[in-house]
Each structure stands twice: as structure tokens, then as C-alpha cells.
Amino acid sequence: MDVLFIEAEYTGKVGLCQETLDYLQKNSYKKIGLYASVQFVFKLDQVKEQLQDFIIITSKPDRANVVSQLLGCDNYKNSLNLQEEVDCYLYIGDGRFHPLALVYGQKDGGNFKEVICNDPIQKKMFTLSKEDVAVILRKYRASLMKFWASDKVGVIITTKPGQEQLRPAFELEHKFPTKKFFYFIDNNVSFDHLEDFPFVQVWINTTCPRVGFDDQEKFEKGVINLNDALMAEEILKK
């Protein structure tokens, strides 16, 4: 079946509310990493005009169509393709799904950069920090440690275009030759059916990376994402 994706641009006015401007000034931020969801990314010119006293840093993240577009599923710091460090991130858009990717992308330590969110519809500001996902990150690290100690691992593979990672998942067998990997391939992941395989000690998610975080509590035996599984030793050393 042919599928056509159409970008739905927000037709209203997009700008920073006074609360956001005051907050940036109060915290003495200089370099700001600017991103937006696809609905607002084409209307960032006015936002940039309001930020003339700051240095604007942005990039074209992995799998994004345009510069400054933020995808909620690319939750690794190197997915942003930023060429220099920023003092904070400024996200233009509504909701928490997309900007939380900027929080998850900093889960491996280092100097955390605050995520400031400006909702152009509600004309309000809110911030995100590691405290907003602290429980999830603790569970995720526990799952990572469990993976390191397990010898029977289930690998979830989706057949959805853009998310299917069967061949990259086979790298697990080369990286961890002492572990036994079982591959479960389907179009949709049914969390309830995972309990039908009691021999699996922990799960690896190769679908949307947000499944490994936002749905952590749905995996009784724990789950981690493929990228983190392949770098488990390096991450645990941190």
C-alpha cells in the first residue's frame, strides 16, 4: 500500500512568550540549541528575531527533513548532529513527547543542559530536567545491568518501514557470543504476549527507541534499546 506523508504546518502566529524571554535572561544563557516539531519548524524566523541577544545553535538531526526539526523517537545525543555545545535547549511546540527526547538524549551523564519548552498555542513556558524521567532512567539502568548478566535475551523486531532493524540486531550475536538471542518479528508489539515466553530473561527493543523508555513499566523483565545493548559495557562503566 502506498503511503503519502504530508507536513501539517501550524497556521497561527509563532513566537516566544514573555515568560520564556525572562527565563532565558534570568539564567544568563548565551548559546541556545533551538528545535521545534514539524508543525512549527517552518515558522522559527520570528523566534530567532526575539533571540537576537543570544547565539542560536541548531542542526539537522538524523532522519529529520529540515534543519531544527526535532523527532521524539531520536533520543540519543548524537542524533542531533550538533557541532558544538550549548548552554540549554529551547523547544518550540506543544506537549512533552518531542522535548523529552532531549532529556533522554542526555541520560548517559555529563553536564545536563536544561530543556526549556515554549508552547506557542497556550503561550506558556515549562522546563524539563532529568528529574522528570528519574524513575524511568533508574529502571532503564537496572534493565541494562540485567541484560549484562543474562544469557537468554529476547529481541523485538518490527516489520514497519523505517523502524525495522533485523540486520543491525544480528550484530548482538557477534558482540555477545556467550548469550543466546531469540528474535520475535511482528508488525505490532503486544506487551501482554511477551509473558508467553518465560525463558526470556530480558528484552531488547529495536523498534521506536521511545518504547524502551516510555513503556519501561510494561516489560516485567526489563527492556533496553538496541544501541544501548551494543554499548552496554561502556555505558555501565560511566
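Matching residues to (1) charged (D, E, K, R); (2) touching a residue at least 24 places away in the same chain (Cβ under 8 Å):
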site: ARG96; (1), (2): yes, yes
site: GLY109; (1), (2): no, yes
site: PHE112; (1), (2): no, no
site: CYS117; (1), (2): no, yes
site: GLN122; (1), (2): no, yes
site: TRP148; (1), (2): no, yes
site: LYS152; (1), (2): yes, yes
site: PHE176; (1), (2): no, no
site: PHE182; (1), (2): no, yes
Filter result for the condition that a residue is more than 28 Å from ARG210 (Cα to Cα), in the same structural domain as CYS117 (by TED's automatic domain parsing), of a type in the set (D, E, K, R) and in a loop (DSSP other than H, G, I, E, B), over ASP53, ASP94, ASP62, ASP74: ASP53
Candidate set: the stretch 151-180, residues that are at pLDDT below 95 and farther than 13 Å from LEU226 by Cβ; chosen: the one surrounded by the fewest Cβ atoms within 10 Å (Cβ to Cβ): PRO161
With VAL155, VAL211, VAL189 as the choices, which residue is closer than 25 Å to LYS238 by Cβ and in contact with a helix residue (DSSP H, G or I) (Cβ under 8 Å, 6 or more places away or on another chain)? VAL155
Find the residue count for the stretch 223-237, including only residues that are under 14 Å from ALA169 (Cβ atoms) and in a helix (DSSP H, G or I). 5
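Here is a yes/no grid of residues against (1) under 24 Å from TYR104 (Cβ atoms); (2) touching a Ser or Thr at 6+ places or on another chain (Cβ under 7 Å); (3) at pLDDT 90 or above; (4) not assigned by TED's automatic domain parsing to the domain that holds LYS77:
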| position | (1), (2), (3), (4) |
| --- | --- |
| ARG141 | yes, no, yes, yes |
| ALA149 | yes, no, yes, yes |
| PHE197 | no, no, yes, yes |
| ILE224 | yes, yes, yes, yes |
Take the residues in the stretch 53-80 that are farther than 16 Å from HIS98 by Cβ and at pLDDT below 95; name whichever of them is farthest from the chain's Cα centre (by Cα). ASP53
Determine whether the stretch 154-170 contains at least one residue that is over 21 Å from ASP74 (Cβ atoms), acidic (Asp, Glu) and assigned to a loop (DSSP other than H, G, I, E, B). no
How about the stretch 6-33: which of its residues are surrounded by fewer than 17 Cβ atoms within 10 Å (Cβ to Cβ), assigned by TED's automatic domain parsing to the domain that holds PHE54 and hydroxyl-bearing (Ser, Thr, Tyr)? SER28
The number of residues in the stretch 52-80 that are among the hydrophobic types (A, V, I, L, M, F, W, C) and either under 16 Å from GLY105 (Cβ atoms) or surrounded by 18 or more Cβ atoms within 10 Å (Cβ to Cβ) (or both) is 7
Only one of LYS175, LYS237, LYS179 is among the charged types (D, E, K, R) and out of contact with any Leu (no Cβ under 8 Å at 6 or more places or on another chain); which? LYS237
Among (1) surrounded by fewer than 20 Cβ atoms within 10 Å (Cβ to Cβ); (2) modelled with pLDDT of 95 or more, where does GLN83 come up short? (2)
Residues located in the stretch 151-178, provided they are under 19 Å from ARG63 (Cβ atoms) and of a type outside the set (A, V, I, L, M, F, W, C): THR158, THR159, LYS160, PRO161, GLY162, GLN163, GLU164, GLN165, ARG167, PRO168
Which one is surrounded by the fewest Cβ atoms within 10 Å (Cβ to Cβ), of the residues in the stretch 97-144 that are hydroxyl-bearing (Ser, Thr, Tyr) and in a helix (DSSP H, G or I)? TYR140
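The values are calculated or read from the model by the stated rules, or taken from the named source; none is laboratory data. Bear in mind the structure is a predicted one, so any value in this text is a computation, not a measurement. Every residue, glycine among them, receives a Cβ derived from its backbone with ideal geometry; neighbour counts consider all protein chains shown.
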